[in-house]
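Visitor: Sharing a structure, written as structure tokens. Questions coming.
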Amino acid sequence: MRARRRSSRAPWLLLAAVVLLLVGGAALVYARSGGSVSPDVGLIVPTAVLPAIPAPLRPLFETATVEVPAPGGVYIEATVGRPNLINPVLARSAGVERDLAVLVFSGLTKLDPRGEIVPDLASRIEPAADGRSYTAVLRSDARWHDGRPVTPADVVFTFRFIRHAQFPGDPNLATFWRTVRLEEAGADTVRFHLNQPYAPFPEQLTIGLLPAHILGSVPPAELARHAFNASPIGTGPFRVRSASVQQIELEAVTGADGRQPLLEKIVLRFFPTDRAALSALTDGSIQGVRSVPSSELANLTSSSRVKQHGATDYTKTITLLLNLERDLFKDKTVRQAIAEAVDRTKVIQTTLQGNGEPATGPIPASSWAYQQQSAERRLDRARELLERANWRVGANGRTRERDGKPLRFTLVTNDRSEREDVVRELAGELSEAGFEVETRVLPWETLYRDHLAARSFDAALVEQWLPVVDPDPYAFWHSTQIREGLNFGGWNNPRADELLVAGRAALNRPDRQRAYEQIQVLFADERPAVPLYHPRYTFAVDANLKGITIPALFEPADRFRNFADWYLNTQRVPKKDS
């Protein structure tokens with residue numbers, strides 16, 4: 001009986017010996033190549049330096065080991081254009097400047113993977129019972145990249161700088177912070193005082209802080225030209241290693257959880273065009289492209305070297321604004337007819353190659369306050385509404401008329417290729433209902449200065465930037481924002497004003513949700529504008545780059561949220577007993 005047992009075990013012992021011999025040989029080669037053995041997993045066998053293994057025996061080796069991520073490697077990502085600076089309070093709201101601000105700096109709060117605002121440099125944020133003040137307590141371990149502690153002086157310096165009359169950044173940002181009074185309230189505490197209750201305030205604290213010990217003596221008007229913007233000291237998950245006109249190198253900072261990223265660093269390399277960036281990706285000279293235009297996605301699909309990642313960007317809504325000061329659009333029936341006549345799905349399919357999601361109201365579908373509405377086109381309903389308003393088909397058999405005036409307006413937009421395609425598609429769809437639409441494509445600066453800011457337009461296709469998390473749409477639709485704010489269309493509705501104020505003043509979510517439900521119902525009836533779609537953000541990487549997951553993407557910089565898990569290299573380790 002014992003002899004039979006010994007005999008049955010012999011092949012397995014032989015197999016184990018062979019595998020150990022092979023693994024040992026591989027480890028020897030690895031050691032000779034300058035490698036080391038990890039104490040966490042024991043023997044490490046990089047697949048790149050495996051000794052020649054006879055074909056019949058290699059399956060035995062692979063059966064006894066498993067491939068896992070290995071440290072090392074550099075991620076090189078292409079971006080079109082160059083940043084002017086690396087500064088969280090001066091960065092433009094889109095593009096690589098915003099990415100760098102998020103990667104190198106951090107704020108008192110941040111966005112977590114679920115889309116909730118949580119403390120970051122602060123250990124806690126506490127609102128007062130009346131909602132008119134907030135207290136922030138700093139983390140005791142919060143440090144700048146130079147090792148100095150983050151203090152209340154840094155917080156006060158940052159926001160007082162934004163409030164300054166000579167602040168060279170976004171005037172809308174400055175306008176908001178000039179309504180906030182702040183003070184140091186202890187060795188680790190800052191208190192913010194508001195003019196009125198404002199529930200979305202914690203999201204305002206995601207702005208990256210500036211180091212008072214470095215910039216405290218710099219006049220605000222000179223900050224945009226300061227050397228700090230090229231080699232900044234921040235508190236974020238990455239520090240600037242080097243910067244040139246060709247590229248910026250970032251190295252990861254060990255996180256609060258002690259994890260060290262597998263990749264050694266990120267290199268953001270600058271390219272003149274999207275085509276040049278994508279060419280570098282497909283030929284293997286870089287590992288990623290920051291953003292892929294919809295027009296180029298089809299060219300990447302056929303490449304086995306490239307993998308696409310992305311998500312709907314709910315922070316942007318492409319909207320057809322209507323100027324309610326124009327006689328034509330003072331008629332709610334005409335506005336409703338336009339909303340019924342547009343085909344959002346077709347616009348997305350024909351102009352964006354399907355890379356977008358329909359938008360139907362002032363609050364995106366990603367928000368807890370969103371109320372579902374139909375995005376379906378109802379052309380017959382549009383025609384019925386116009387007939388009811390006495391707009392009849394004219395002599396040409398196409399354009400409707402009333403009292404001798406044609407149903408005609410001009411639609412303007414900026415000169416991005418897909419915008420031109422979108423306005424052309426919209427003009428065609430609206431013509432089926434009896435509208436005559438002239439389209440004009442202008443440089444963004446001209447569109448903004450001469451038409452939007454001057455309120456001199458009939459209709460405009462624009463990109464509205466929404467809050468990253470909070471649904472508050474006050475800036476776009478409250479009547480106080482008509483002359484100086486972002487309410488370019490001029491919607492002036494007392495009930496809407498009341499609901500918008502209630503939605504941002506209530507501190508508990510159920511009360512806010514009720515207000516936002518009603519504002520969406522009112523918006524759907526009044527149709528002061530026609531939200532069309534949210535674009536899809538897509539970035540592309542080398543297919544060999546692994547470990548990327550995107551549970552939620554609220555802005556492009558979020559693609560680096562799980563950067564610690566990204567890897568290019570692999571190694572083989574012995575399988576653990578199950």
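Visitor: Taking the criterion of being in contact with a Leu (Cβ under 7 Å, 6 or more places away or on another chain) and of a type outside the set (Ser, Thr, Tyr), would at least one residue in the stretch 368-383 satisfy it?
Guide: Scanning the stretch 368-383, I find no residue that is in contact with a Leu (Cβ under 7 Å, 6 or more places away or on another chain) and of a type outside the set (Ser, Thr, Tyr), so the answer is no.
Visitor: Then there's this: Give the stretch 478-501 a look and list any residue that's among the acidic types (Asp, Glu) and assigned to a helix (DSSP H, G or I), or say none.
Guide: Of everything in the stretch 478-501, those that are among the acidic types (Asp, Glu) and assigned to a helix (DSSP H, G or I) turn out to be ASP497, GLU498.
Visitor: Would you mention how many residues in the stretch 537-578 are in a loop (DSSP other than H, G, I, E, B), of a type in the set (Gly, Ala, Ser) and either at pLDDT 90 or above or under 19 Å from ILE286 (Cα atoms) (or both)?
Guide: 2
Visitor: Tell me yes or no: at least one residue of the stretch 229-242 is without any contact (Cβ under 8 Å) to a residue 60 or more places away in the chain and outside any loop (DSSP other than H, G, I, E, B).
Guide: Scanning the stretch 229-242, I find at least one residue that is without any contact (Cβ under 8 Å) to a residue 60 or more places away in the chain and outside any loop (DSSP other than H, G, I, E, B), so the answer is yes.
Visitor: Being under 19 Å from ARG344 (Cα atoms) and either buried (at least 18 other Cβ atoms within 10 Å of the Cβ) or of a type in the set (Ser, Thr, Tyr) (or both) is true for just one of ALA459, ALA427. Which residue is that?
Guide: The unique qualifying residue is ALA459.
Visitor: Considering each of ALA185, ALA227, ALA276, ALA221 in turn, give the residue that is surrounded by fewer than 17 Cβ atoms within 10 Å (Cβ to Cβ), among the hydrophobic types (A, V, I, L, M, F, W, C) and farther than 26 Å from SER93 by Cβ.
Guide: ALA185
Visitor: Looking at the stretch 397-434, which of the residues that are in contact with a Pro (Cβ under 9 Å, 6 or more places away or on another chain) and not charged (D, E, K, R) is modelled with the lowest pLDDT?
Guide: SER417
Visitor: In the stretch 119-144, what residues are aliphatic (A, V, I, L, M) and in a strand (DSSP E or B)?
Guide: Correct list: ALA122, ILE125, ALA136, VAL137, LEU138.
Visitor: So ILE248 fits all but one of (1) in a loop (DSSP other than H, G, I, E, B); (2) farther than 24 Å from PRO171 by Cβ; what number is the exception?
Guide: Condition not satisfied by ILE248: (1).
Visitor: Given the condition of a type in the set (Lys, Arg) and buried (at least 19 other Cβ atoms within 10 Å of the Cβ), answer yes or no: does some residue in the stretch 401-416 qualify?
Guide: No.
Visitor: Testing THR345 on (1) surrounded by fewer than 22 Cβ atoms within 10 Å (Cβ to Cβ); (2) closer than 19 Å to VAL422 by Cβ; (3) in contact with a Leu (Cβ under 7 Å, 6 or more places away or on another chain); (4) at pLDDT 95 or above, one condition comes back false. Which one is that?
Guide: (3)
Visitor: In the stretch 310-327, what residues are assigned to a loop (DSSP other than H, G, I, E, B) and touching a Pro at 6+ places or on another chain (Cβ under 7 Å)?
Guide: Of everything in the stretch 310-327, those that are assigned to a loop (DSSP other than H, G, I, E, B) and touching a Pro at 6+ places or on another chain (Cβ under 7 Å) turn out to be ASP313, TYR314, LEU324.
Visitor: Can you find, within the stretch 383-400, the residue that is surrounded by the most Cβ atoms within 10 Å (Cβ to Cβ) among those that are of a type in the set (Lys, Arg) and in contact (Cβ under 8 Å) with a residue 12 or more places away in the chain?
Guide: ARG400
Visitor: So which residues in the stretch 173-213 are more than 21 Å from LEU507 (Cβ to Cβ) and without any contact (Cβ under 8 Å) to a residue 60 or more places away in the chain, if there are any at all?
Guide: Matches in the stretch 173-213: ALA174, THR175, ARG178, GLU183, GLU184, GLY186, ALA187, ASP188.
Visitor: Do the conditions hold for GLN336, that is, is it within 25 Å of the chain's Cα centre (by Cα) and assigned by TED's automatic domain parsing to the domain that holds ASN493?
Guide: Here the answer is no, as GLN336 does not meet what is asked.
Visitor: Consider VAL521 carefully, then state whether it is aliphatic (A, V, I, L, M), at pLDDT 95 or above, out of contact with any Leu (no Cβ under 9 Å at 6 or more places or on another chain) and part of a helix (DSSP H, G or I).
Guide: Judged against the criteria, VAL521 is a match.
Listed here are the residues, each with its yes/no results for (1) at pLDDT 95 or above; (2) in contact with a Pro (Cβ under 7 Å, 6 or more places away or on another chain); (3) assigned to a strand (DSSP E or B).
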residue: GLY255; (1), (2), (3): no, yes, no
residue: LEU262; (1), (2), (3): no, yes, no
residue: SER279; (1), (2), (3): no, no, no
residue: GLY284; (1), (2), (3): no, no, no
residue: ASN299; (1), (2), (3): no, no, no
residue: GLN308; (1), (2), (3): no, no, yes
residue: PHE329; (1), (2), (3): yes, no, no
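Visitor: Run PRO467 past the list (1) touching a strand residue (DSSP E or B) at 6+ places or on another chain (Cβ under 9 Å); (2) within 30 Å of ARG514 (Cβ to Cβ) and report the number of the one that doesn't hold.
Guide: (1)
Visitor: Take the residues in the stretch 368-398 that are of a type in the set (S, T, N, Q) and in contact with a helix residue (DSSP H, G or I) (Cβ under 8 Å, 6 or more places away or on another chain); name whichever of them is nearest to ALA552 (Cα to Cα).
Guide: Filtering first and then ranking leaves GLN371.
Visitor: Search the stretch 145-182 for residues being of a type in the set (S, T, N, Q) and part of a helix (DSSP H, G or I), and hand back the single one that is surrounded by the most Cβ atoms within 10 Å (Cβ to Cβ).
Guide: Filtering the stretch 145-182 for residues that are of a type in the set (S, T, N, Q) and part of a helix (DSSP H, G or I), the one surrounded by the most Cβ atoms within 10 Å (Cβ to Cβ) comes out as THR158.
The values are calculated or read from the model by the stated rules, or taken from the named source; none is laboratory data. On a predicted model such as this, the values are computed, not experimentally measured, just so you know. In this analysis, Cβ positions are derived from the backbone assuming ideal geometry, glycine residues included, and neighbour counts consider all displayed protein chains.
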